[in-house]
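The values are calculated or read from the model by the stated rules, or taken from the named source; none is laboratory data. These figures come from a predicted structure and were not determined experimentally. Note that each Cβ is placed from the backbone with ideal geometry, even for glycine, and that neighbours are counted across all protein chains shown. Remember, those area values only see protein heavy atoms, side chains included, never the ligands or the DNA or RNA. Shrake-Rupley method; radii C 1.70, N 1.55, O 1.52, S 1.80 Å.
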Amino acid sequence: MAVKKDYKDQKLSEKLRDRKYYIPDSNPEFIKDVEKIGQTAAHMCYQCGTCTGSCPSAPRSSYRIRLFMRKSILGLEEEILTDPDLWLCTTCYSCTDRCPRDLAPTDAIMAMRNLAFKRDIIPRNFLQTVQLIYKSGHGVPNNDANRAARKRLGLDEEPETTHKYPEYLPGIRKILDHYRLKENADRILAQGE
Amino acid sequence: MAEVKKYEEPRIGVFVCHCGTNIAGSIDVKAVMEYARTLPNVIVADDYQYMCSTPGQNKIAEAINEQKLTGVVVAACSPRLHEPTFRNATKAGGLNPFRFEMANIREQNSWVHMHQPEEATSKAKDAVRIAVAKASLLEDLVPKSVPVEKAAMVVGGGVGGMQAALDLANAGIKTYLVEKSPTIGGRMSQLDKTFPTLDCSQCILTPKMVDVYRNEGIELLTYTEVEAVEGYIGNFDVTLRKKARGVITPAEAEVRGIVGGGCTGCGDCSEVCPVIKPNPFELGMAPRKAIYIYHPQVSPLIYTVDFDACVKCGLCVEACGDKKAVDLEAKDEFMTVKVGTVVLALGYDIFPIEKKFEWGYKNYDNVITSLEFERLICASGPTGGHLVRPSDGETPKRIAFVLCAGSRDSTGVGKPYCSRFCCMYSLKHAHQIIEKIPGAIPYIFYMDIRSFGKMYEEFYYRIQNEGAKFIRGRVANILEDPVTKNLHVNAEDTLLGRPIDMEVDLVVLAAAIQPSAETEKTRRLFGVSCSQDGWLLEAHPKLNPCGTTTAGVYLAGVCQGPKDIPDTVAQAEGAASAASIPIHRGEVELEPYFAQCMEDKCAGCGMCINQCPYSALSLVEKDGRTVMQVTEAKCKGCGTCGGFCPGGAIWMQHFATPQIIAQIDAFLLGGEQ
């Protein structure tokens with residue numbers, strides 16, 4: 001366990017905090033959860049870094065997929081689930097295409113996001129997306145600029161989706177209700193206000 | 001006897017090699033060739049892309065024929081590389097092959113002066129001029145053939161030595177297998193399982209040990225050391241010390257007239273022996289008596305008395321009874337055998353890892369070495385295969401493996417090289433604890449995992465999949481909890497970029513290996529060089545890894561450098577094959593660089609006799625005078641006597657005084673003799 005030194009000054013205590021990795025601080029079951037949800041053998045990662053090298057998000061942010069893989073093997077559950085970087089994956093699947101051990105790091109990240117959401121840890125914009133899907137069937141609904149562009153290209157203003165066929169919206173809402181996604185999104189967003 | 005030579009008018013041909021751009025890239029080859037044409041005695045000069053190619057060699061032979069050359073100079077690479085090639089080309093042209101001289105303008109010139117073309121060209125001209133000066137004075141020489149004794153010796157009875165001995169014996173060569181300890185088997189017999197196949201080490205080794213013991217072509221000499229070596233390829237006289245064993249074999253008993261006597265390996269003697277000592281085979285973790293065998297599968301199954309520990313109470317003699325196998329008055333015996341070739345398979349020792357204080361070996365109870373781990377996990381080991389913590393006998397659940405312990409260490413304390421098999425056996429150890437101890441987790445601290453062999457990377461994959469935890473970082477230090485005797489392993493997880501403090505029950509140090517204690521003494525006896533790190537030096541690291549610079553002596557196994565079992569066996573087979581070639585040919589040619597006595601100048605003072613490191617010189621009576629005589633087969637042409645002789649009466653063939661003086665003159669006078 002991390003050695004605690006209780007300085008009177010709170011800031012100093014934080015600054016000089018013991019940052020060592022100790023086994024008791026980790027959860028050995030975490031990697032098993034990730035593998036079960038993500039359906040990929042994340043423990044076989046040998047940390048080559050091909051994933052981070054392929055990642056379009058990495059050069060523009062502090063998101064390092066290799067580090068998430070490492071931390072999940074070490075069972076650093078708290079650290080992973082509270083890390084805002086977890087939500088910077090664009091799910092382009094380049095890492096999954098190139099992983100030499102034939103793992104799916106993208107799916108491991110998705111699994112970790114799932115586990116975070118179970119604890120209500122999720123960025124607000126993701127929840128707003130849930131609300132938009134519930135409302136329109138689209139994460140990014142059609143808008144006027146888009147409609148004009150479609151018209152210029154000789155397409156219908158509305159695409160062949162729930163925009164054109166709103167009668168399918170109840171089906172989509174049924175799925176979101178089944179997983180209580182809308183309900184949780186509304187609840188969490190309301191808490192933050 | 002050598003006469004002072006008279007020379008014909010020298011006619012020299014000079015051939016300058018481009019070696020692609022190796023030479024031509026920095027040296028103006030045409031300029032060197034043109035310059036050669038201006039030198040005295042040079043009849044023809046030429047250049048070619050690759051002199052060593054068939055057309056290049058043909059140029060030499062043709063020039064000898066057409067120009068009636070008396071000497072040939074090739075300016076190219078090192079004579080170590082192509083002197084034999086161009087000697088053959090010289091011979092093909094009808095000249096004596098020793099009328100060839102090489103000027104090294106590659107290794108000693110173009111490669112080191114890559115960015116100084118003018119100076120390099122000037123130096124190449126010097127080298128050619130000097131070579132021409134010597135070539136003008138070269139004489140016909142004839143290599144001497146000596147017969148080869150149809151017997152071989154293998155020193156070291158580990159898996160490498162055993163394989164070499166088996167191959168030699170099976171090729172029809174009488175082979176002496178010399179082993180210092182009471183049994184053959186070596187390090188491999190101490191191992192539990194072998195990677196990556198997880199074969200039981202003893203199971204695959206003991207049939208080989210039995211083969212060696214039963215092979216009629218092998219004379220097995222255990223508890224024996226090499227005492228002295230004389231002679232040269234084809235004719236080594238090796239003196240062996242058979243250490244006092246205190247126990248005689250059935251064969252020895254028969255010689256002594258004891259019918260049905262000699263050691264049968266029954267062990268009655270050991271049972272009654274009152275002296276208890278640590279068993280070195282079990283690394284001191286199990287006891288043995290003063291009369292002992294290392295383990296049940298020893299070969300030969302003959303007990304040995306440790307005379308340093310024996311109190312000579314005589315109980316064993318009584319217990320042995322009519323077999324009369326125990327002889328407490330035994331003394332060391334010496335024997336000399338004659339062999340044609342020798343294979344050294346001297347093995348390795350574990351580096352004394354307690355020298356790296358930071359890991360606490362021998363200071364903390366629960367820090368052990370990998371070899372100790374092998375004995376503890378082995379069913380025939382001191383704990384019957386139950387891995388336990390030395391401090392309390394409990395089964396460890398969290399086990400840290402420290403890789404590169406003392407290897408890849410340039411501090412002068414450890415070893416700078418990679419010990420090459422620690423990664424793989426540590427993976428195997430991780431597998432063994434996962435298999436044997438439910439819930440146990442191996443933590444492997446590594447810098448790189450070097451899984452280079454066939455099926456090795458796949459083995460690494462398998463062990464990771466089985467649940468071994470890998471932490472990339474070298475262990476900085478280990479601290480012991482004085483109460484629980486648990487260990488805190490401090491390292492950085494370099495992939496996480498964060499320090500780690502890992503509390504574990506047991507630490508296994510994958511300690512570096514080093515040449516065995518006997519290597520230095522033995523290599524000196526056989527005149528074999530070693531590299532800076534103490535491993536024996538091969539003749540060429542790539543093209544002659546089994547040979548040494550001493551003709552007739554070959555290397556097998558780890559004594560040449562760290563290697564695993566498959567590589568050791570492969571090299572042993574290579575060494576055995578190389579060692580059998582001179583024996584099967586029946587004779588070897590010695591380079592004719594012998595010293596020769598010019599008897600009319602020799603005063604018979606005999607001062608050279610003691611100077612000779614090879615005992616090749618002696619004084620004889622000839623025509624009423626005492627003169628020196630050279631035993632050509634023993635002479636290595638080192639020149640010690642030639643340089644020393646106060647009367648200048650010794651002629652060093654191929655390196656004769658007039659030849660060397662001519663070279664020096666050619667250099668100093670700039671060719672304007």
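Of A:23, A:65, all but one fail to be in contact with a helix residue (DSSP H, G or I) (Cβ under 7 Å, 6 or more places away or on another chain), within 14 Å of another protein chain (Cβ to nearest Cβ) and hydrophobic (A, V, I, L, M, F, W, C); the exception is A:65. If you check residue A:46 against the conditions, is it within 14 Å of another protein chain (Cβ to nearest Cβ) and hydroxyl-bearing (Ser, Thr, Tyr)? Here the answer is yes, as residue A:46 does meet what is asked. Within region B:426-435, at least one residue is under 21 Å from residue B:358 (Cα atoms), more than 12 Å from every other protein chain (Cβ to nearest Cβ) and open to solvent by less than 40 Å² (accessible area, probe 1.4 Å). Of B:485, B:521, all but one fail to be surrounded by fewer than 22 Cβ atoms within 10 Å (Cβ to Cβ), assigned to a loop (DSSP other than H, G, I, E, B), away from chain A (no Cβ under 14 Å) and modelled with pLDDT of 95 or more; the exception is B:485. Restricting B:622, B:634 to residues that are touching a residue at least 40 places away in the same chain (Cβ under 8 Å) and open to solvent by 50 Å² or more (accessible area, probe 1.4 Å) narrows the list to B:634.
The single condition among (1) outside any loop (DSSP other than H, G, I, E, B); (2) modelled with pLDDT under 95 that residue B:403 does not meet is (2).
Which one is nearest to the other protein chains (Cβ to nearest Cβ), of the residues in region B:503-516 that are in contact with a Gly (Cβ under 8 Å, 6 or more places away or on another chain) and more than 14 Å from residue B:402 (Cα to Cα)? Here the answer is B:514. The residue that is surrounded by the most Cβ atoms within 10 Å (Cβ to Cβ), among those in region B:568-603 that are within 19 Å of residue B:168 (Cβ to Cβ) and charged (D, E, K, R), is B:573.
Return a yes/no flag: does region B:192-203 have any residue that is farther than 20 Å from residue B:552 by Cβ, without any contact (Cβ under 8 Å) to a residue 12 or more places away in the chain, in a helix (DSSP H, G or I) and open to solvent by 10 Å² or more (accessible area, probe 1.4 Å). Looking for residues that are farther than 20 Å from residue B:552 by Cβ, without any contact (Cβ under 8 Å) to a residue 12 or more places away in the chain, in a helix (DSSP H, G or I) and open to solvent by 10 Å² or more (accessible area, probe 1.4 Å), one finds at least one in region B:192-203, hence yes. In the condition set (1) under 27 Å from residue B:439 (Cα atoms); (2) open to solvent by 50 Å² or more (accessible area, probe 1.4 Å); (3) over 21 Å from the mean Cα position of the chain (by Cα), residue A:23 is compliant with all but (2). For residue A:7, indicate whether it is open to solvent by 70 Å² or more (accessible area, probe 1.4 Å), free of Cβ contacts under 8 Å to residues at least 40 places away in the same chain, hydroxyl-bearing (Ser, Thr, Tyr) and over 18 Å from residue B:471 (Cα atoms). For residue A:7, the condition - open to solvent by 70 Å² or more (accessible area, probe 1.4 Å), free of Cβ contacts under 8 Å to residues at least 40 places away in the same chain, hydroxyl-bearing (Ser, Thr, Tyr) and over 18 Å from residue B:471 (Cα atoms) - is met. Based on this model, can you work out whether residue B:470 counts as aromatic (Phe, Trp, Tyr), buried (at least 17 other Cβ atoms within 10 Å of the Cβ) and within 28 Å of residue B:156 (Cβ to Cβ)? So residue B:470 does not fit the description; no. Among A:114, A:125, which is the only one that is open to solvent by 20 Å² or more (accessible area, probe 1.4 Å), of a type outside the set (Phe, Trp, Tyr) and farther than 21 Å from residue A:33 by Cβ? Unique residue meeting the criteria: A:125. Set side by side, the residues B:476, B:491 differ, and just one is within 13 Å of chain A (Cβ to nearest Cβ) and surrounded by fewer than 20 Cβ atoms within 10 Å (Cβ to Cβ), which is B:476. Being in contact with a strand residue (DSSP E or B) (Cβ under 8 Å, 6 or more places away or on another chain), within 30 Å of residue B:157 (Cα to Cα) and hydrophobic (A, V, I, L, M, F, W, C) holds for only one residue in B:559, B:635, and it is B:559.
Test residue B:151 against the criterion of being closer than 12 Å to residue B:73 by Cα, crowded, with 19+ Cβ neighbours inside 10 Å and not aromatic (Phe, Trp, Tyr), and give yes or no. So residue B:151 does not fit the description; no.
The set of residues in region B:213-265 being among the charged types (D, E, K, R) and closer than 26 Å to residue B:321 by Cα consists of B:242, B:243, B:245, B:252, B:254, B:256. Within region A:68-78, the residues that satisfy the criterion of being within 15 Å of the chain's Cα centre (by Cα) and either facing another protein chain (nearest Cβ under 8 Å) or not acidic (Asp, Glu) (or both) are A:68, A:69, A:72. Scanning region B:494-515 for residues that are part of a loop (DSSP other than H, G, I, E, B) and open to solvent by 10 Å² or more (accessible area, probe 1.4 Å) yields a count of 5. Entry remark, region B:346-375: residues being open to solvent by 10 Å² or more (accessible area, probe 1.4 Å) and aliphatic (A, V, I, L, M) number 3 in total.
Any residue that is away from chain A (no Cβ under 13 Å), assigned to a helix (DSSP H, G or I) and free of Cβ contacts under 8 Å to residues at least 24 places away in the same chain - is there at least one of those in region B:524-532? Yes, region B:524-532 has at least one match. Applying a threshold of 7 Å to beta carbon distances and a minimum spacing of six or more residues, or different chains, the list of pairs starting in region B:271-295 at a residue that is among the aliphatic types (A, V, I, L, M) and ending at one that is exposed (fewer than 14 other Cβ atoms within 10 Å of the Cβ) reads B:275/B:311; B:276/B:287.
Of the residues making up region B:130-143, not a single one is touching a residue at least 40 places away in the same chain (Cβ under 8 Å), touching a strand residue (DSSP E or B) at 6+ places or on another chain (Cβ under 7 Å), basic (Lys, Arg) and outside the structural domain of residue B:102 (by TED's automatic domain parsing).
Within region B:452-468, the residues that satisfy the criterion of being farther than 19 Å from residue A:49 by Cβ and within 12 Å of chain A (Cβ to nearest Cβ) are B:462, B:463, B:465, B:466, B:467, B:468.
Comparison of B:500, B:565 shows that the only residue that is of a type in the set (Val, Ile, Thr) and within 14 Å of chain A (Cβ to nearest Cβ) is B:500. What about residue A:36, is it under 27 Å from residue B:439 (Cα atoms) and more than 14 Å from chain B (Cβ to nearest Cβ)? The answer is yes for residue A:36. Looking only at region A:54-67, count every residue that is in contact (Cβ under 8 Å) with a residue 40 or more places away in the chain and open to solvent by 10 Å² or more (accessible area, probe 1.4 Å) and tell me the total. So the answer is 2.
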